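Engineer: Pasting a structure below so you can have a look.
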Amino acid sequence: MVSKPRISKGTRDFSPSQLANRDYIFSTIKSNFKKFGFQPIETPSFELSETLLGKYGEEGDRLIFKILNSGDKVKKVDLQALKDGNLARFSNSLTEKALRYDLTVPFARYVAQYQNDIVFPFKRYQIQPVWRADRPQKGRFQEFFQCDADVVGSKSLWQEVEFIQLYDAVFSDLKLSGVTIKINNRKILAGIAELIGAQDKLIDFTVALDKLDKIGEAKVIEEMLNKGIPAEGISKLKPLFNLNGTIDEQLQLLKGILNSSVEGVKGVEEIEFIASSVAYVGLRTAFLQMDVTLARGLDYYTGAIFEVSAPVSEQMGSIGGGGRYDDLTGIFGLKNVSGVGISFGLDRIYLVLQKLNLFPLNKTESTKVLFINFGNKESLFCLKAIALLRSKSIITELYPDPVKLKKQMTYCNKRQIPYIVMVGASEIAQNKYLFKDMTSGEQQLLSLEQLTEKFF
């Protein structure tokens, strides 16, 4: 039975040109990671299930691709759980390993496992694929790459300053001018929640506040009231609903609003330090913006929170994000290791660059010269020239079959190969090579030395 060629939903094939574009993004990000002193690590594509589920719990049970046990390990299956209708326990008994959901948990495991070998502060970057078993929405995939950079083992706010500079450097090198780096602080959000008497409803409060620019003030207030946040507390938020102006102006207003909250004031001071330091050195093309509604990763981040938006003209959502955390490795027994990290949204960055025609031309490392195949004797004669050109990093091909010249020329044109070399009995007798420029049509009979010089 012949199978129809297809791939699993949520996955993609990439053509040579698409891969060239992706490699351009990867190499730009990677070169800047290196400039800032980050070191690469790689972790296995799969981890022990207990490692991943220890972080994500029941949510992970639904979202993580599990790898079925094989051989004698199948005997460990919990059939009683199946009889009892406990499908989560039953499925977990079928597997001991799972594909990684993100790069964060493997990184935390790596730091804890090799803590005696790592020099702290440890600056790491990681660019690897991850897999998620959720139903992919438009523009999202079950298999995709993450590009992360983290510093662990330091509470210094200079790391936050450097990450903002790193974002600016990467997007400037990609010629993507005008990105906005939004910043907030988890302590500010906690201070606001304290101010309005919603300490126990921090998540509900911030989720509603985060929708301010989407649904407006009235709907946000309505949602907060429905979540049980007191009306008298919400009234204290009025100044925040229209918080704008420069970072300095917003911080001054926040100082007044949060003066009774120790944690809130601490958050304001942290952003003040970061913003003033960035302003001192300046940014090349990005903008730094305070956004008090920014509330990503509240169960994870403990300090600064970052989110990067594409230029205003491109409504693409977040193209990067990150923040400060204080207990990355706690689930592995290594307590109180503070860190800060950022990530780049590769797929969205790709879409923005594509839409704005920002990918460089002639980015693909393609074949420069094709040797025409007229038979075994002629091809053998060509091999010495082919080997010499390749040794000088000239991408060179020999057409594999001695087919009609028209077919070989068609191949050359479709591949956009700029030069061909033809060798027949006459050329062999003269120890020469007939070189042709496919653009101009000019032909020259050249020695091996002259042929090599054509490319330098």
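What follows draws every value from the coordinates through simple rules; no lab data is involved. Here the structure is a predicted model, which means the values were calculated and not measured. Note that each Cβ is placed from the backbone with ideal geometry, even for glycine, and that neighbours are counted across all protein chains shown.
Engineer: So which trypsin sites (Lys or Arg not before Pro) in the stretch 242-330 are both in a DSSP loop and have at most 15 other Cβ atoms within 10 Å of their Cβ? Please report the intermediate quantities before stating the final value.
Structural biologist: Numbers: sites: Lys255, Lys266, Arg284, Arg296, Arg324; in loops: Arg284, Arg296.
Taking the stretch 242-330 and a limit of 15 other Cβ atoms within 10 Å, the loop trypsin sites (Lys or Arg not before Pro) found are Arg284.
Engineer: Angle between the Cα long axis of helix 212-226 and the longest principal axis of the chain, 0 to 90 degrees, nearest 10?
Structural biologist: Roughly 40 degrees, rounded to the nearest 10.
Engineer: Assuming 0.36 nm per residue, please report the length gained on full extension of the stretch Asp13 to Ser426 beyond their Cα-Cα distance. Mind dumping the intermediate values first?
Structural biologist: Numbers: separation 413, 0.36 × 413 = 148.68 nm, distance 4.57 nm.
Value of the extension gain: 144.1 nm.
Engineer: Another question, then. Between helix 376-391 and the chain, what is the angle of the helix's C-alpha long axis to the longest principal axis, kept within 0 to 90° and rounded to the nearest 10?
Structural biologist: Approximately 40 degrees, to the nearest 10.
Engineer: Here's a follow-up. How do Val421, Val312, Val265 line up, fewest other C-beta atoms within 10 Å first?
Structural biologist: Val312, Val265, Val421
Engineer: Shifting gears a bit: Rounded to the nearest 10 degrees, what's the angle between the helix 186-195 long axis and the longest principal axis of the chain, both from Cα atoms, 0 to 90?
Structural biologist: 20 degrees
Engineer: Given a Förster radius of 51 Å and the C-beta distance between Leu405 and Asn69 as r, what FRET efficiency does 1/(1 + (r/R0)^6) yield to the nearest 0.05?
Structural biologist: Using R0 = 51 Å, I get an efficiency of 0.30.
Engineer: Something else: For Phe456 and Lys227, what is the calculated FRET efficiency with R₀ set at 51 Å and r taken between the beta-carbons, to the nearest 0.05?
Structural biologist: That pair, Phe456 with Lys227, gives E of 0.15.
Engineer: Structure shown: which of Lys182/Lys236; Lys368/Lys392; Lys214/Lys266; Lys392/Lys436; Lys384/Lys406 lie over 18 Å apart, alpha-carbon to alpha-carbon? Could the numbers behind the result be given before it?
Structural biologist: Details: Lys182/Lys236 24 Å; Lys368/Lys392 12 Å; Lys214/Lys266 29 Å; Lys392/Lys436 20 Å; Lys384/Lys406 25 Å.
From Lys182/Lys236; Lys368/Lys392; Lys214/Lys266; Lys392/Lys436; Lys384/Lys406, over 18 Å: Lys182/Lys236; Lys214/Lys266; Lys392/Lys436; Lys384/Lys406.
Engineer: Could you point to the label whose value was computed as volume of the Cα convex hull per residue in Å³ for the structure here, given [x] 187; [y] 238; [z] 141?
Structural biologist: [y]
Engineer: For every helix of n ≥ 4 consecutive DSSP H residues, a contribution of -39,500 (n - 2.57) applies; sum these over the chain, divide by its total residues, and give [θ] at 222 nm rounded to the nearest 500 deg cm²/dmol.
Structural biologist: -13000 deg cm²/dmol
Engineer: OK, next. Run the numbers on the stretch 369-453 and let me know its relative contact order in percent, using alpha-carbon pairs under 8 Å that are six or more apart.
Structural biologist: 31 percent
Engineer: Extending each Cα 7 Å along its Cβ direction at Leu87 and Thr367, get the distance between those two points in nm, one decimal.
Structural biologist: Once both label points are built, they end up 5.2 nm from each other.
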